[in-house]
Amino acid sequence: MEQASIKTYVCGHRNPDVDSVMSAYALADLRRRTGMSNVEAICAGRLPPRAKWVFEHFHLKGVRPKRDVYVRVRDLVDSSVPMIDAGLSLVDALRKLEESGESSLPVKDAAGKFVGMLSPAKLLSLFIEKADLSIPVGKAPLHQCSQVLSENDRVHDIRTAAVHNAHNHFPVVDDKGVLVGTVLKRAFAEPPPARMILVDHNETEQGIPGLEEIPVVEVVDHHRISFAATKDPIKYTADVVGSTCTLVARMFRGAGERPTKEVAGVLIAGIVSDTLLFQSPTTTDDDRAMCAWLEKLCGESAAAIMEGLMSVASPLTSMSADEAVAADAKLYSESGRKFILAQIEESHLAVFHRHAAELAAALERTIKANGLDFAALMVTDPVRGNSVLLFKGDEAVRRALPYRRAESDVLLMPGVLSRKKQLLPEVLAALA
Ligand SMILES: [Mn+2]
């Protein structure tokens, strides 16, 4: 039987990437469709800008960033236990207490602040004196010594003290002292109110903090397996594919479920980002096959989604030309010459061409400021596996390089990706 009160989180690894976030989102959707209630995809920490772009592009609410999944006092609050307003007459309050079947109830003032526990033992003197029971509860003697818990307290830290406390009820307040409810002592003995589905990782150290406190019920992953022994059987889906989203897509198919066009897009985003649009050596035929199926459902091509992903956080659109040149610039002194070779990665070299003039000016400034013979910026498109080189300074060196010239300062480097292994040896040869 599904326990509706137990929350199931679906979460990828820390420092999440697009595959991690997208597979969590899509798997939560699949689990919801196949009957799991109270399931939520979360993100271990900050949502990466590219993941944010995917959710905005498909008009989805996305996943909630969460710092940790430690079980906190607020997770144990029993909302069925009533709270008493201090303005209520004592006789009505006692009636409420009796109806609740509890031995005491928390009382709050007009501002919602906790003022004490209504407990019959504390009221005995009033009964003996046959006092007027129409007075407000707030004027009656209330029990003060019970342990007041803060909703943010980690259960792990207070469990022992709570279990050994004589009382069965603990009022819970927020950081302003406002009463939020009651935790019953027996809640500390119950299993944690949440459980986990891990995607795109299986090692606890890579997971969201607090993971060790709650049970893992499922793993979907494409990494080496380093998972701890479990107490109970769990679902475990692993395969050697390029992306966890490929596995989630396969699970949709296996369950006879068709992702919506938006969820298909989410899955495509995960696949293309992890496989670098099928260029990565980790790519398998399954990644391509699943992606082809998803493209039909989504109505957008994998290449177009990749383009969108790569346009986010593009160095040339998010930095000034000087910053882009400086971001990853290496200074060399060879054969009596001083020069800089800088490199940035761009999704599409068209972005470079729009900024070429500013970048050329930035290179000129760099040459002047550092007394260089020349400076070059290599702009690499890792997806298509090409680069261009913007060159400023010593023309004899530029002419000696084996690259075809596109425009005055721009050389084409088809198939070149590495500054260290490919560009630098050519520059050194040109100097010699
Ligand atoms: Mn992955």
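The values are calculated or read from the model by the stated rules, or taken from the named source; none is laboratory data. Since the structure is predicted, the reported quantities are computational estimates derived from the model, not experimental observations. Glycine also receives a Cβ, built like all others from the backbone with ideal geometry; neighbour counts cover every protein chain displayed. Keep in mind that these areas ignore ligands, DNA and RNA; they rest on the heavy atoms of the full protein, side chains included. Shrake-Rupley method; radii C 1.70, N 1.55, O 1.52, S 1.80 Å.
The table below lists the values:
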| item | result |
| --- | --- |
| Flag for S37 being open to solvent by 20 Å² or more (accessible area, probe 1.4 Å) and not assigned by TED's automatic domain parsing to the domain that holds T283 | no |
| Considering residues of the stretch 214-235 that are free of Cβ contacts under 8 Å to residues at least 60 places away in the same chain, within 16 Å of the ligand (Cβ to nearest atom) and not in a loop (DSSP other than H, G, I, E, B) only, the residue surrounded by the fewest Cβ atoms within 10 Å (Cβ to Cβ) | V219 |
| Where Q279 falls short, out of the listed (1) within 16 Å of the ligand (Cβ to nearest atom); (2) of a type outside the set (V, I, T); (3) not assigned by TED's automatic domain parsing to the domain that holds R253 | (3) |
| Cβ pairs under 7 Å, 6+ apart, first in the stretch 271-297 and open to solvent by 40 Å² or more (accessible area, probe 1.4 Å), second more than 15 Å from the ligand (Cβ to nearest atom) and at pLDDT below 95 | L276/P382; L276/V383; Q279/V383; Q279/G385 |
| Where a residue in the stretch 411-422 is of a type outside the set (F, W, Y) and its partner, wherever it lies, is part of a loop (DSSP other than H, G, I, E, B), with Cβ under 7 Å and at least six apart | L411/L401; L411/Y403; L412/Y403; M413/Y403; G415/G385; L417/P382; L417/G385; Q422/V416 |
| Long-range neighbours under 9 Å by Cβ, at least six apart or interchain, first residue surrounded by fewer than 22 Cβ atoms within 10 Å (Cβ to Cβ) within the stretch 367-389, second modelled with pLDDT of 95 or more and among the hydroxyl-bearing types (S, T, Y) | L372/T366 |
| Given (1) open to solvent by less than 60 Å² (accessible area, probe 1.4 Å); (2) in a loop (DSSP other than H, G, I, E, B), index of the condition A313 fails | (1) |
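Conditions (1) assigned to a loop (DSSP other than H, G, I, E, B); (2) at pLDDT 95 or above; (3) not assigned by TED's automatic domain parsing to the domain that holds W53, marked per residue:
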{"site": "E205", "(1), (2), (3)": "no, no, no"}
{"site": "I208", "(1), (2), (3)": "yes, yes, no"}
{"site": "V248", "(1), (2), (3)": "no, yes, no"}
{"site": "M251", "(1), (2), (3)": "no, yes, no"}
{"site": "A264", "(1), (2), (3)": "no, yes, no"}
